[in-house]
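Just so it is clear, none of the values below were taken in a lab; they were calculated from the coordinates. Being a predicted model, the structure only gives us computed values, none of them experimental. Here the Cβ positions follow ideal geometry from the backbone for every residue, glycine too, while neighbour counts run over all protein chains shown.
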Ligand SMILES: [Zn+2]
C-alpha cells in the first residue's frame, strides 16, 4: 500500500468503529405508546433499539509523509 497522493509507503492503519443507530422512532412517540400500553411499549422500544444497532468497522489509512487520509 502506497499513498495515492505522494507515493510514500509509510502508512499507518487505524481501525474506525462507527456505531449507527437507524432510529427506533422518536422518544415522544414511544413514551406515549408506553402510557397507552402500561409499559409494554417500552419493551418494544428496547427490543427495537437493540436490533437496530449497526456497527461498521472501517479501516483508515493515514500517510505519515503528507498526512493524507483515505478509507480502505
Ligand atoms: Zn502521502
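Here are the numbers:
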quantity: The chain - Rg over Rh from alpha carbon coordinates, Kirkwood radius; calculated: 1.39
quantity: Between helix 40-51 and the chain: long-axis angle, C-alpha atoms, 0 to 90°, nearest 10; calculated: 10
quantity: Mean separation of Cα contacts under 8 Å, 6 or more apart, over the residue count of the chain: relative contact order %; calculated: 43
quantity: Folded to 0 to 90 degrees: helix 27-36 orientation relative to the chain principal axis, Cα; calculated: 20
quantity: Structure-based [θ]222 nm, the chain - -39500 (n - 2.57) summed over DSSP H runs of at least 4, per residue, nearest 500; calculated: -9000 deg cm²/dmol
quantity: Computed E for residue 2/residue 59 - FRET, C-beta separation, R0 22 angstrom, nearest 0.05; calculated: 0.90
